[in-house]
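Asker: Starting off with a structure, shown below.
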Amino acid sequence: MTQADFLNIVMPFKDKVFRLAKRLLVSQEEAEDATQEILLKLWNNRAKIQEYKNVEAFSMTMTKNFCLDKLKSKHAQNLKIVHSNYQDKNVSLQKQVELNDSVNWVSRIMEDLPEQQKIILQLRDIEQYDFSEISKMLDMNETAIRVALSRGRKTLREKLTKTHSYGVK
Amino acid sequence: MVLNSIEKLIEKYDNGETTLQEEQQLKNYFSKETVAPHLEVYKSMFQYFSQSHEEQFTKEVPLTPRKTIKLYKWISVAAVAVLMFGIYIQTSGPTEVERREALLAYNQTMEVFNLVSSKLNQGSESMNALNMVSTNFTRGADNIAYLGEFSKTTDKFLKTN
């Protein structure tokens, strides 16, 4: 398999891998490193890639496991992944600032969700995967996925309503 | 779109029962400027979802770490091959023909040496005869010394007379 062939396979979902990694690891740099690591692993196993039925689902599973391992090792060392994704605040319009702010709240609330709900929300609401695909990636049955998804969405909505009504902005 | 149907969809959405098409409908609705005030919360949610979908991975991935490893592997293979060849050259001696020729040459030289040494022994035997002569000769010389002594005394004897 040449480099071009490999890139053709990997290009369509490399952003999804990155976004899932960022959802779990939060930090931009950590997510970039994780994505790089996963693409290199795929590249080193490129001989086997043709045997996989669904490379994308396989990669997403790999990403999930890799990031969870990483989080676990960080927890074991009593370290926290710190992120410094500073936002560009130079938006002049007041309305846009407010909107951005409430959108940022969504991301902050999502950080506090349990890992599994995070992953499922990411795969479903952001990447728009089918339930059957998600169940393959996570090795869960669809009912369990729906339940977790519903819990995640409800928590998100409740917490957002709270911040809105208390006027935390 | 009628608000009623959106509310129904939202309820399904919260229970995790919407299909992807229905979620797309919701997304389209909430991307509008104005939404019903009690659904304002969902607007930021859906906006966040479509925003994060835009994020891209821009870092370069170096895809050729395998090549150098392969090169090292071949270098080591070549080194081992050279080493084995050297050992082979050292251990494998001369061929059968060469060995026979060497044996022949050895035997010939040994024959010549034997011949020389036998001749040399003969020579040394004749030298023994010479030795015998010389010892007899010295014995003769000793006798002459006696004779000399004898003549001295006869001289003295003659003088006194």
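The values are calculated or read from the model by the stated rules, or taken from the named source; none is laboratory data. None of these values were measured; they are calculated from a predicted model. Here Cβ is always computed from backbone atoms with ideal geometry, including for glycine, and neighbour counts include all displayed protein chains.
Asker: Name the residue that is nearest to residue B:22 (Cα to Cα), counting only residues in segment A:98-148 that are among the hydroxyl-bearing types (Ser, Thr, Tyr) and surrounded by fewer than 20 Cβ atoms within 10 Å (Cβ to Cβ). Step through it out loud before you land on a result.
Answerer: Filtering segment A:98-148 down to residues among the hydroxyl-bearing types (Ser, Thr, Tyr) leaves A:102, A:107, A:129, A:132, A:135, A:143.
Next, only the ones that are surrounded by fewer than 20 Cβ atoms within 10 Å (Cβ to Cβ) stay: A:107, A:132, A:135, A:143.
On the way: A:107: 23, A:132: 17, A:135: 20, A:143: 18 Å.
Among those that are among the hydroxyl-bearing types (Ser, Thr, Tyr) and surrounded by fewer than 20 Cβ atoms within 10 Å (Cβ to Cβ), it is A:132.
Asker: For segment A:93-125, give me each residue that is touching a helix residue (DSSP H, G or I) at 6+ places or on another chain (Cβ under 8 Å), of a type in the set (Val, Ile, Thr) and at pLDDT below 90.
Answerer: A:103, A:106, A:109
Asker: Tell me, which helices (runs of 4 or more DSSP H) lie completely within segment A:1-64 with 1 or more residues that are within 10 Å of chain B (Cβ to nearest Cβ), of a type in the set (Phe, Trp, Tyr) and over 18 Å from residue A:118 (Cβ atoms)? Spell out how you get there, then give the answer.
Answerer: Numbers: elements: A:3-25, A:28-44, A:46-49.
Per the criteria, A:3-25, A:28-44.
Asker: Can you pull out every residue in segment B:41-60 that is more than 7 Å from every other protein chain (Cβ to nearest Cβ), more than 60 Å from the chain's Cα centre (by Cα) and not hydroxyl-bearing (Ser, Thr, Tyr)?
Answerer: B:43, B:46
Asker: For segment B:24-40, does any single residue satisfy the condition of being within 10 Å of another protein chain (Cβ to nearest Cβ) and among the β-branched types (Val, Ile, Thr)?
Answerer: The answer is no, given that none of the residues of segment B:24-40 is within 10 Å of another protein chain (Cβ to nearest Cβ) and among the β-branched types (Val, Ile, Thr).
Asker: Could you check segment A:101-130 and list, in sequence order, the residues that are in a helix (DSSP H, G or I) and either of a type in the set (Phe, Trp, Tyr) or touching a Phe, Trp or Tyr at 6+ places or on another chain (Cβ under 6 Å) (or both)? Steps first, please.
Answerer: Pass one, segment A:101-130, residues in a helix (DSSP H, G or I): A:101-111, A:115-126.
Those that are in a helix (DSSP H, G or I) and either of a type in the set (Phe, Trp, Tyr) or touching a Phe, Trp or Tyr at 6+ places or on another chain (Cβ under 6 Å) (or both): A:103, A:105, A:106, A:123, A:125, A:126.
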